[in-house]
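The values are calculated or read from the model by the stated rules, or taken from the named source; none is laboratory data. From a predicted model like this one, the values you see are computed outputs, not experimental measurements. Accessible surface is based on the protein model in full, side chains and every heavy atom, while ligands, DNA and RNA are left aside. Shrake-Rupley method; radii C 1.70, N 1.55, O 1.52, S 1.80 Å.
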Amino acid sequence: MNTRFPLLRSLFPQSLGGQLLVMLLLALAITQGLGLLLLTDERNRAVRAALGLEAAGRAANVVLLLDNAPAELRPSILRAADSPLVRFEIGAEPEAPHDSAESDVVLRQIRQILGEPDREVRADVHALSRVPVPMPDGVPVAMRPMHETMMAGRTEPVELTLSIRLAGGDWLNVRTMFHRPGLQLSPQALLPLLLMAVAVALVAWWTARRVVGPMRALAVGADRLGRGLDAYPLPMTGPTEVRDTTQAFNRMKDRLTRFVNERTHMLAALSHDLRSPLTAMRLRIEMLDESEDSIRLKALVEEMQAMVEATLEFARGVVRAEPSSKVDLTVLLSDLVGDVGGDRATLVASGPLPVTIRPQALNRALRNLIDNAVRYGGVAKVTLKRELEMAIITVADKGPGLPDNQLETAFEPFVRLEGSRSRDTGGAGLGLAIARTIIQAHGGTVKLRNLHEGGLEAVVHLPIEAV
């Protein structure tokens, strides 16, 4: 829905099933409403035609009587033909000015009854303004309440004026008025609409379930795969398009799993191949007489060993063999604060917070963050709180912070923002990279930001439950 209408957007369902149901019911209401309007208009036309033909038949029969009756009986015939809604008069001139478009059926009816196709007949049908209709003259007192009840609530009055030339040359003028019937709804008429709405709702629910179920399973599987959790092959259910998407996801998962496994095996072989010559070099250096060159070579070998270990640790990212388990994040952070920071690190937490994680991997990531805060900022203030289904961990220090354009660069591998080039003070530049890799594998995020009062803060958002 358009964001310019927040209220309408909040009322509109967000789920596929709800949207499908609303759209189908809306389409049903529109089509049924248009059908009802067309049916009502057609019914009005039929009723008007029937009323017009009834008046035409009465007028034609009165003409037959007047043509065959003596002149002194004409007033009696007219009084007998009059009714509250149909008035008959004889005049020298026709009152119907012309033939309207709706009068063809009436004219044919009159000429057919009279049996004289050439008889001069005029008819005019026109709508009257929507104003209260006065009580016709001559309506008996006993019939007035019934007439008022009949006229109540009716709209669009229609007047029919007939002028038929009599055998003597005079004109019989007939005036009658009728109304289009109002909209008539009954429980019997609404029952089919209600049954159709129920049928549409059932179809929408069944269709949405066939589509939404596999799509929800696909979302859960993709999230698990993104977090590095075991993602089992998804069942092939639902419509053809959903099954094709599920099959593509299963193929992608297999390829990614195979790629990661091959990379892990390659790294294991590389680790073995690199460690063996480095160990041999260390042994040979140990056999040399101690000198400045041997001490320097030994330091270089140890530095290479540390770089190899750090590189392999970063490349592995998360130890996939470690199973996920539910642990108390407050206890884990409390142990880390005591081990890493000692009296220079504190923890602020409201209470126990169980989370489903890979403990060893997350321990390594949070240890890197706390260690960086203590090493470069002097202190580490760790805060743990819960927001909805996320655990929020902040690690703040009181150091000089970082330039804003380097906050993201700090997470790149082998980037050392510490001024010295010593491995003892700056490490290999993989601590933050490893931390972000592990946190992202848990489905979380980590960002750095400078504090207004000075210092740097690492903010970790971690899902409480593994998906």
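Listed values, structure above:
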{"read-out": "Rounded accessible area of Phe259 (nearest 10 Å², 1.4 Å probe)", "value": "120"}
{"read-out": "Probe 1.4 Å, protein heavy atoms only - accessible area per residue of segment 241-307 in square angstrom", "value": "77"}
{"read-out": "Cross-link pairs Lys326/Lys381; Lys298/Lys398; Lys326/Lys447 - those with Cα-Cα distance over 32 Å", "value": "Lys298/Lys398"}
{"read-out": "Rounded to the nearest 10 Å², the accessible area of Asp404 at probe 1.4 Å", "value": "120"}
{"read-out": "Residue order for Asp82, Asp397 - accessible surface, 1.4 angstrom probe, largest first", "value": "Asp82, Asp397"}
